[in-house]
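The values are calculated or read from the model by the stated rules, or taken from the named source; none is laboratory data. Not measured: the values here are computed from a predicted model. Glycine also receives a Cβ, built like all others from the backbone with ideal geometry; neighbour counts cover every protein chain displayed. Heavy atoms of the whole protein, side chains included, go into the accessibility calculation; ligands, DNA and RNA do not. Shrake-Rupley method; radii C 1.70, N 1.55, O 1.52, S 1.80 Å.
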Amino acid sequence: MESPPPPPSLQELDAAENINLLWDSTASEEARERMIFDGHRDEIDRYLQAVDEIQRSLSSATLASEGEQSKLNSAIQIAMARLEDEFRNILLSHTTPIEPDSFSSADPSSSTHSYVADSSSEFEDYSAEDNGGLTTPKASSVSAGDVDELLQRGDSSNTCSYRSASSIRELDLIPSDAVFDLRNIAERMIAAGYLRECIQVYGGVRKGAVDSSFRKLGIEKLSIGDVQRLQWEQLETKIRRWIRAAKVCVRTVFASEKKLCEQIFNGIGTAIDDACFMETVKGPAIQLFNFAEAISISRRSPEKLFKILDLHDALMDLMPDIESVFESKSSESIRIQAVEILSRLAEAARGILSEFENAVLREPSRVPVPGGTIHPLTRYVMNYISLISDYKQTLHELIVSKPSTGSRYSGDPTTPDMEFAELEEKTPLALHLIWIIVILQFNLDGKSKHYKDASIAHLFMMNNVHYIVQKVKGSPELREMIGDDYLRKLTGKFRQAATSYQRATWVGVLYCLRDEGLHVSGSFSSGVSKSALRERFKSFNAMFEEVHRTQATWLIPDTQLREELRISISEKLIPAYRSFLGRFRSHIESGKHPENYIKYSTEDLEMAVLDFFEGYSVSQHLRRRSQ
């Protein structure tokens, strides 16, 4: 172990004190205007050597008198005041905002889901009013447009790439020669007992630099209360920006500040580098994470789910980096806050899914949808669960319990039945999605009963269940989770609804084309009753015209389904009418005014069927197109 250097001689001490007094800014105008570390290296080294000699003399036990001790204490105070100014000046001289290019390259693969793109069309027709609870240089020289462009660079993909490896990108915030000078000053201030002053100066300057980076990233100083008072539309934008900014803050801003603290303070004393780091970033880190915390404890509603999942995924992705950057004991509170927010976001997502299920089941609208078309609730729910399937990687981890469902043994008429025995292989998330479809159908079945006409009630169910099937088929992720077995059940349901529609509508019409009741027999004649036949044609015409008038205004929005149902109707109606006409036309045409009874040819009916389910009115009387 090397022995400490001997104290300086009286001559050396006098020279050191003179140099020290020369730079006493309280006594010299020149000393106030000039900074030592802006000068030549020789001048810097002479001053540092003078400080060292005064310090060694103060530490020596050979001092002769209290007067000398007091003189040296005064000299040290002058030196430390000077070094504090020099320390601050070097920090300020080299404190510039991190350049935008550094931000944009800090997280090249970052991405988030986007709920906004899907909510702009089919979602917006289902308002909160209708749905019973179902409802995205200097720092100041950087413009809002610059910030937006900066943040966009890190969010170019629309697919989830969370769970990535650590992507910390440390920058050299201060040049190495300035770091060398700062370390020299810090060593002397700490040795003289000025650790607190050193940390305060360092933290004050560097925190300003962090604040400047925050402003560039668009991170606002909002309290938890401020965040919770914002409208959700405003929050959606802020959440997207926060996700991108948080990655830059943790992986570049905070990580680079930690590196700088280590460069200047590591090895000088016990955990001084960490103390300076926390002095710099603790406030900004709390400010950053308070936003996510406010979202995690905000009032739950269905439209918030996807942004909460985005926040959860982003924070989960950042956790390894948070643990690395804030690894010390003194920064434990930051790690704990992040873990707790992550837990609350997970719980919020689970709670929102449960509340969404209940809202779908209880959605109260009772006014029938005109034309029996797709109900806005159906569009909303199916688009919603399609988006849920996009987040299946995250939700598979968060959703670990089966849904709370009804049972055929429960006897509760307000909740549908769902037995899990036939769905044993399904994940909890898949069971929740199937349950949502079950309760959606249950609600729709209740709504269908508000139609006064059974035919349109069946058409309504056919339209809506068909839409459900198409949405499942259109999403590979959703189809995989729902499974083809359940999809076949759904397909059977809408086909059964189509059959029920045809039975309710056309059995009565086709009944007019039966032979029964038209033949007469007696003692003088046998054959066809012309009066009964005329009544039969009149009844058919009236019934078909009424069906045509009414069902032309009904709507099947899916082109293929509309065409399939028309073909099915024609396959039953046209042969039956052609056969009836062939058997009995001569009996009518041989009498008076046959045109009053045989009003339509088979071609007329074929053309009339093409009017069905277009969703708009046709003329009150069928035109005889064949004439």
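With the dipole of the range 363-505 worked out from charges on the C-beta (+1 for Lys and Arg, -1 for Asp and Glu) around the Cα centre, which of Ile374, Met481, Gln393 lies farthest toward the positive end? Ranked along the dipole, the leading option is Ile374. As a calculated quantity, the FRET efficiency between Ala271 and Glu563 at R0 = 51 Å, using C-beta atoms, amounts to about 0.10. Of the solvent-accessible surface of the range 363-505, computed with a 1.4 Å probe over protein heavy atoms with every protein chain present, carbon and sulfur atoms account for 52 percent. In this view, the solvent-accessible surface of Glu220, computed with a 1.4 Å probe and all protein chains in place, comes to about 90 Å². In terms of packing, defined here as the mean over residues of other Cβ atoms within 10 angstrom, the peptides 447-454, 13-20, 224-231 line up highest first as 13-20, 447-454, 224-231. Sorting the segments 288-296, 82-90 by their residues' average number of neighbouring beta-carbon atoms within 10 angstrom, most packed first, yields 288-296, 82-90.
Let me know the shape class of the range 363-505, please: from the alpha-carbon gyration tensor, a ≥ b ≥ c as square roots of the eigenvalues, rounded when a/c is under 1.5, otherwise prolate if a/b is greater than b/c, or oblate. Cα axes put the range 363-505 in the prolate bin. The spacing between the range 160-232 and the range 415-479, judged by their C-alpha centroids, is 53 Å. Our summary gives the range 363-505 a relative contact order of 30 percent, counting only alpha carbon pairs under 8 angstrom and 6 or more residues apart. Report the paramagnetic label zone for Gln200: residues of the range 244-276 whose backbone N is under 14 Å from a point 7 Å from Cα along the Cα-to-Cβ axis. Taking a point 7 Å out along Cα→Cβ of Gln200, no residue of the range 244-276 has its backbone N under 14 Å. Given a Förster radius of 60 Å and the C-beta distance between Gln228 and Asp24 as r, what FRET efficiency does 1/(1 + (r/R0)^6) yield to the nearest 0.05? Efficiency, from the Cβ-Cβ distance: 0.65.
Label zone (Ala191, point 7 Å along Cα-to-C-beta; backbone nitrogen cut-off 16 Å) within the range 258-274: 265-270. Model label sites at Tyr616 and Lys592, defined 7 Å from Cα along the beta-carbon direction, differ in position by 4.2 nm. With every protein chain in place and a 1.4 angstrom probe, the accessible-area ranking of Lys258, Lys473, largest first, reads Lys473, Lys258.
Pairs spanning more than 32 Å between alpha-carbon atoms, out of Lys71/Lys329; Lys216/Lys392; Lys258/Lys307; Lys426/Lys452: Lys71/Lys329; Lys216/Lys392; Lys426/Lys452.
Per residue, the range 363-505 exposes an accessible area of 44 Å² to a 1.4 Å probe, with every protein chain left in place. Considering only Tyr577, Leu561, Ile588, the residue lying farthest towards the positive end of the dipole of the range 556-596 is Ile588, judged by Cα position with unit charges set on Cβ.
Potential lengthening of the chain between Arg578 and Ala542 amounts to 11.2 nm, from the contour at 0.36 nm per residue minus the alpha-carbon distance. For the residues Thr26, Thr95, a 1.4 Å probe over the protein chains yields an accessible-area ranking, largest first, of Thr26, Thr95.
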